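Structure in structure tokens, see below.
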Amino acid sequence: MSHDTPQTPHGPVEQVLPDLFIVRGSFRMAPLVRIPRTMCVVRRGRALTVLNAVRVSPEVEAGLAALGEVRHVVRLGHLHGCDDAWTVRRHGARYWSLPGERVAGAEPTDAIVDGESPLPGASFIVLRGARLPEAALLLPDEGGSLITCDAVQNVVDDAFASSGGALVARALGFRRPCGVVPMWRLRQGGRRLAPDFDRLLQRPFENLVSGHGPACLGDAHARVAAEVGRLWPRLPHPGARQALERARVCWNRGDLDGYVRALYSPNARLWSNGHPIAQGHAQIRAFYGPMFTGEAPTTLVFDDVVGDEDLAVRFHLEAHGGAPVAAGLTLLRFDEGGVAERWTHTTAAPASAPGSPVVK
């Protein structure tokens, strides 16, 4: 029984770098909805490695044959692979996939793990936080070339998309240069992906070939860094702990406005024992106001701080003279302007923290 999918519209083999080629094609997502996708071909001598395989016509097959022999087929992402079996069988190639991944009609011969690859000087980068298996391949070619599947997409035109597919791409936020698109990002775990993208950005690359869209040449690292910074902003230097200390100083001198500005971003959400109680500077000021206007001001003391950006803080409040009047555990999630969310429990034990809006 054949598991092959029908051929869909696609273009010729295009050379984007001396040993890097693409074939721009399409995928039928639903009736009348065809979206762009891209196959990448890496050449080493006469040996070719195909990533994000697309079933191609005899004419395009001839173009590949002119480049060399397909020795390896690589499946980088869980949501791709419908044409892998055809490509592997057609060329008798070795088949690389992430552990546990299978497609009908093609048994993996090699596993994708961090650091290894079928190409000299190249390395796989596995996205450890992704709910569905996903990886990228970093090549040394031309200042560094990053090959991705869905993790970073470069849909900047409608080539080979149907009109319905073009509309869907715009509506769902796919149409972004070097974008981490919303549907994929949310399905894969959202913020839990941030450390993986930090690891990607620690590696040098100037070019990007994605499973969707044309190649991005020359400034890919800067574009991906801008996208990651937009999605998962980091508190700028001097960092979250220093912001926390500035807020403590403001609290202890009775400076309510300074405390709120030092710690909270403009749209921060404040939670207490699992219930939302304030959002934004005005509501947060109103919540804390009574604590600053009473006759017996308190001193804020941090007993323990864990983390570097998102923080878990054990604290207590002391009355004049040093007697403790309250204690608690607060969990802080930071964005570029301060705390984005804060969850506070009124005892020092974190037993009820799981399930709160901040602990995910």
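Can you find a residue in the stretch 209-219 that is within 30 Å of Leu317 (Cβ to Cβ), in contact (Cβ under 8 Å) with a residue 24 or more places away in the chain and in contact with a strand residue (DSSP E or B) (Cβ under 9 Å, 6 or more places away or on another chain)?
no
Give the stretch 55-104 a look and list any residue that's among the acidic types (Asp, Glu) and under 23 Å from the mean Cα position of the chain (by Cα), or say none.
Correct list: Glu101 only.
Filter the stretch 254-269 down to the residues that are modelled with pLDDT under 90, out of contact with any Pro (no Cβ under 8 Å at 6 or more places or on another chain) and exposed (fewer than 15 other Cβ atoms within 10 Å of the Cβ) and list them by number.
Listed by number, the residues that qualify are Pro266, Asn267.
Going through the stretch 24-45 one residue at a time, which ones are surrounded by fewer than 23 Cβ atoms within 10 Å (Cβ to Cβ), closer than 26 Å to Phe124 by Cα and touching a helix residue (DSSP H, G or I) at 6+ places or on another chain (Cβ under 8 Å)?
Residues satisfying the conditions are Ser26, Arg43.
Looking at Arg46, Arg34, Arg55 in this structure, which one is modelled with pLDDT under 95 and basic (Lys, Arg)?
The conditions single out Arg34.
Of all residues in the stretch 3-54, count the ones that are assigned to a loop (DSSP other than H, G, I, E, B) and closer than 17 Å to Asn207 by Cβ.
Here is the first cut: in the stretch 3-54, the residues assigned to a loop (DSSP other than H, G, I, E, B) are 3-12, 18-19, 31-32, 45-46, 52-54.
Subset that is closer than 17 Å to Asn207 by Cβ: 18-19, 52.
Looking only at that region, the number is 3.
Residues in the stretch 56-75: is at least one in contact with a Cys (Cβ under 8 Å, 6 or more places away or on another chain) and of a type in the set (Gly, Ala, Ser)?
no
For the stretch 105-136, which positions are over 18 Å from the mean Cα position of the chain (by Cα) and not hydrophobic (A, V, I, L, M, F, W, C)?
Gly105, Glu107, Pro108, Thr109, Asp110, Gly115, Glu116, Ser117, Pro118, Pro120, Gly121, Ser123 - these are the residues of the stretch 105-136 that are over 18 Å from the mean Cα position of the chain (by Cα) and not hydrophobic (A, V, I, L, M, F, W, C).
Assess whether Val224 counts as being part of a helix (DSSP H, G or I), in the same structural domain as Phe124 (by TED's automatic domain parsing), of a type in the set (A, V, I, L, M) and at pLDDT 80 or above.
When the stated conditions are applied, Val224 passes them.
Same structure again: Do you know which residues across the stretch 181-207 are touching a Lys or Arg at 6+ places or on another chain (Cβ under 8 Å), buried (at least 17 other Cβ atoms within 10 Å of the Cβ) and under 29 Å from Arg55 (Cα atoms)?
Hit for the stretch 181-207 is Gln188, nothing else.
In addition: Kindly list, by first and then second residue, each pair from a residue in the stretch 55-74 that is in a strand (DSSP E or B) to a residue that is modelled with pLDDT under 95 and crowded, with 17+ Cβ neighbours inside 10 Å, limited to pairs with Cβ atoms under 7 Å and residues at least 6 apart or on different chains.
Qualifying pairs under 7 Å: His72/Pro118.
The values are calculated or read from the model by the stated rules, or taken from the named source; none is laboratory data. Note that the structure is predicted; figures quoted are calculated from it, not measured. No Cβ is skipped: glycine too gets one built from the backbone with ideal geometry, and neighbour counts run over all protein chains shown.
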